[in-house]
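Okay, so here's the structure we're looking at.
The values are calculated or read from the model by the stated rules, or taken from the named source; none is laboratory data. Computed from a prediction, not measured in an experiment: that's the story for all the values here. Neighbour counts run over all protein chains shown; Cβ positions are idealised from the backbone, glycine included.
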Ligand code: TA6
């Protein structure tokens, strides 16, 4: 279903028969809402978010491509998040090994314009498939093809803003003992201690070569988000905390308490595609009651 969202920007709504839903703006191919069967919102979008090009939407799932952060010459996080994508009216079917029953999806497409080629001189075709699965899981699959005559290199992230009850009640499992680059310390390399990660101040870290599964446990909500990823070795964890939050115009001063970014990413080892080659990167999100796991 395609409707007009905030400021008349077009959005696609996917609904699954058991009641879960997802909203994707064509502006940025930006997922701005993911609701479970009870209708609870699982993603954070700032009350100050500006739904107006060229400003990217604060919250949800911005796509960082072809550059993560300011690690290169482009604007922060690249330009995919502030371009208007197209809907593919005739998307390819799922491969035979995927059970397509009760899956709803939309394919969004991005190709560079003449103007884009001036700032990043590489022609590509980007297909983002947003799928809502039968258990309310949200799957994002990116396929990026080099349609140019020469190789190109990029970094990437699904900059996912999870909604949490209170950041002080949250812990993240799956990143213990890993190496990370600390963005608050000139991206120097450190090694994480052995305990689950908890939050009491600003954090902006790029965990390197992580396991494919990361869990975000929200003790107060009794909810666990599970992030599964494929083709995306790294994981960014970000919370601006109070001081930096005040410096972000489209972010409420106290909103840092209710969000946490955990982002499946490919940063440390940029992806290179030769002419004709395609890269695939997937992020799969599920939200389950914490009691689902033993011992919690
Ligand atoms: O993913 C973490 C990060 O790169 C932080 O350094 C912080 O700047 C954040 O993303 C938000 O970036 P944005 O350009 O959306 O303000």
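Within the stretch 107-137, the set of residues being within 19 Å of residue 273 (Cβ to Cβ), surrounded by 17 or more Cβ atoms within 10 Å (Cβ to Cβ) and within 17 Å of the chain's Cα centre (by Cα) comprises 110, 126, 127, 128, 129.
Select from the stretch 239-252 the residues that are assigned to a loop (DSSP other than H, G, I, E, B) and surrounded by 12 or more Cβ atoms within 10 Å (Cβ to Cβ) and write down the one among them that is farthest from the ligand (Cβ to nearest atom).
Start the filter on the stretch 239-252 by keeping residues that are assigned to a loop (DSSP other than H, G, I, E, B), which leaves 240, 248-252.
Pick out the ones that are also surrounded by 12 or more Cβ atoms within 10 Å (Cβ to Cβ) and you get 240, 248, 250-252.
Values: 240: 7, 248: 6, 250: 8, 251: 8, 252: 14 Å.
Per the criteria, the residue is 252.
Can you tell me which of (1) assigned to a loop (DSSP other than H, G, I, E, B); (2) touching a residue at least 60 places away in the same chain (Cβ under 8 Å); (3) more than 17 Å from residue 159 (Cα to Cα) is the one residue 71 doesn't meet? Looking at each condition in turn, residue 71 falls short on (3). Of the residues making up the stretch 192-223, those that are touching a strand residue (DSSP E or B) at 6+ places or on another chain (Cβ under 8 Å) and not in a strand (DSSP E or B) are 192, 196, 198, 199, 202, 208, 209, 210, 212, 219, 222. Looking only at the stretch 170-183, decide whether some residue is without any contact (Cβ under 8 Å) to a residue 40 or more places away in the chain and within 16 Å of the ligand (Cβ to nearest atom). Yes, the stretch 170-183 contains at least one residue that is without any contact (Cβ under 8 Å) to a residue 40 or more places away in the chain and within 16 Å of the ligand (Cβ to nearest atom). Is it the case that residue 50 is more than 16 Å from the ligand (Cβ to nearest atom) and surrounded by fewer than 22 Cβ atoms within 10 Å (Cβ to Cβ)? It is false that residue 50 is more than 16 Å from the ligand (Cβ to nearest atom) and surrounded by fewer than 22 Cβ atoms within 10 Å (Cβ to Cβ). Give the residue that is surrounded by the most Cβ atoms within 10 Å (Cβ to Cβ), with candidates limited to residues of the stretch 224-237 that are within 16 Å of the ligand (Cβ to nearest atom) and more than 12 Å from the chain's Cα centre (by Cα). So, considering only residues that are within 16 Å of the ligand (Cβ to nearest atom) and more than 12 Å from the chain's Cα centre (by Cα), the one surrounded by the most Cβ atoms within 10 Å (Cβ to Cβ) is 234. Does at least one position in the stretch 158-168 carry a residue that is touching a residue at least 40 places away in the same chain (Cβ under 8 Å), under 16 Å from residue 67 (Cα atoms) and in a strand (DSSP E or B)? Yes.
Yes/no matrix, rows are residues, columns are (1) crowded, with 23+ Cβ neighbours inside 10 Å; (2) away from the ligand (no atom under 12 Å from the Cβ); (3) farther than 27 Å from residue 35 by Cα; (4) at pLDDT 95 or above:
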| residue | (1), (2), (3), (4) |
| --- | --- |
| 59 | yes, no, no, yes |
| 62 | yes, no, no, yes |
| 65 | yes, yes, no, yes |
| 72 | no, yes, yes, no |
| 78 | yes, no, yes, yes |
| 95 | no, yes, no, no |
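Every listed requirement among (1) under 24 Å from residue 286 (Cα atoms); (2) more than 15 Å from the ligand (Cβ to nearest atom) is met by residue 189 save one, (1). The set of residues in the stretch 253-296 that are more than 16 Å from the ligand (Cβ to nearest atom) and part of a loop (DSSP other than H, G, I, E, B) comprises 254, 274, 275, 276, 277, 293, 294, 295, 296.
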